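The values are calculated or read from the model by the stated rules, or taken from the named source; none is laboratory data. Since the structure is predicted, the reported quantities are computational estimates derived from the model, not experimental observations. Quick reminder, even Gly has a Cβ in these numbers, built from the backbone with ideal geometry, and neighbours come from all protein chains shown. Ligands, DNA and RNA are excluded from the accessible area calculation, which covers all protein heavy atoms including side chains. Shrake-Rupley method; radii C 1.70, N 1.55, O 1.52, S 1.80 Å.
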Amino acid sequence: MARVPLPWMRSSVMLAIDISLSMRVSDVKPTRIAAAQEAAKSFLLELPKNIEVGLVTFAGSGQVAQRMTLDREALITSIDGIQMQMGTAIGNGIVLCLAELFPDQGIQLDDFDNPSTRYGRSLDQKEKKPVKDFTPVAPGSYDSAAIILLSDGRRTTGVDTLEAAKMAADRGVRIYVIGLGTVDGDVPTPDGLAIYMQLDEPTLREVARMTAGEYHHAGTAETLRSVYQNLGSRVQVLTRETEMSGVVTLISAVFAIAAGVLSFVWFGRAG
């Protein structure tokens, strides 16, 4: 066994971005939402062109802002067009990402008994498919997709965050979580009205842990860009523990054949 750098096999990445009203505040310059938009766009430009990316936004509900595509310009347009709303339904964002990654499984927000999940669905959503049975797999074992989730608060409505994380874990999808802004304390909004916002780090860390992903806190725009840059590099190359016995055997065989050929050339015999 050996740890070697290999291309990451993930072919799809879902970006899930919090667009709650608290993203207007300016503790992360120039504002949280502006910093998130710029960092996400830079991330897109650094990704290999053969990796599909989709965009889900969530506030009081969730919506698919851009289905998975290789078209970076379409994604950037969707990111620039983000409109903030009230509420924070982190679980809805995760469920919508899973619905996009596994379209044949019939995952629907309507299946959850919460009125807030009935809104914000994509206008071009296809006819509902029956729920498909599946066998849970080990967390982090699905190598074809990942979710990068950014939030600056805590769930206020919608699907329970950890219930949604369990759905991702059962499907082997890693969630890389970015906690944006202040961990605790009062933060003024742009209109001068003070609102209390506290980043729910324990829950966000648990989402990452349950899905074998990672949690990163970004308190500044520079840190946020660094986090996205790091994740972009991780998408391209991942060090894995790989079985090397086959490779070693092949190399040994090549050397043996080469030795035989040289022996025949130099001495007129193969031994």
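Worth a mention:
- Within a straight-line Cα-Cα reach of under 23 Å, LYS132 can be paired with the following lysines, leaving aside sequence neighbours fewer than 8 residues apart in one chain: LYS166.
- Of the peptides 91-97, 47-53, the order by per-residue mean of other Cβ atoms within 10 Å, starting with the highest, comes out as 91-97, 47-53.
- Solvent exposure ordering (accessible area, 1.4 Å, most first) of MET86, MET14: MET86, MET14
- Modelled label positions at ASP80 and THR156, each set 7 Å beyond Cα in the direction of Cβ, lie 2.9 nm from each other.
- FRET efficiency for the LYS132 to SER26 pair, using the beta carbon distance and R₀ = 35 Å, is estimated at 0.20.
- Gain upon complete extension [THR220, GLU46; 0.36 nm per residue less C-alpha separation]: 60.6 nm
- With each label modelled as a point 7 angstrom along the Cα→C-beta vector, the ASN230-ALA34 pair spans 2.6 nm.
- Which of LEU45, LEU21 is most accessible, then next, and so on - probe 1.4 Å: LEU45, LEU21
- Gain in span if fully extended, GLU201 to GLU73, counting 0.36 nm per residue against the direct Cα distance: 42.8 nm
- Per-peptide average of other Cβ atoms within 10 Å, ordering 221-229, 160-168, 136-144, 100-108 highest first: 160-168, 221-229, 100-108, 136-144
- Under 5 Å from the amide H of THR69 lie the amide H atoms of VAL53, GLY54, each residue being 5 or more positions distant or on a separate chain, with H modelled from the backbone and absent for Pro and chain starts.
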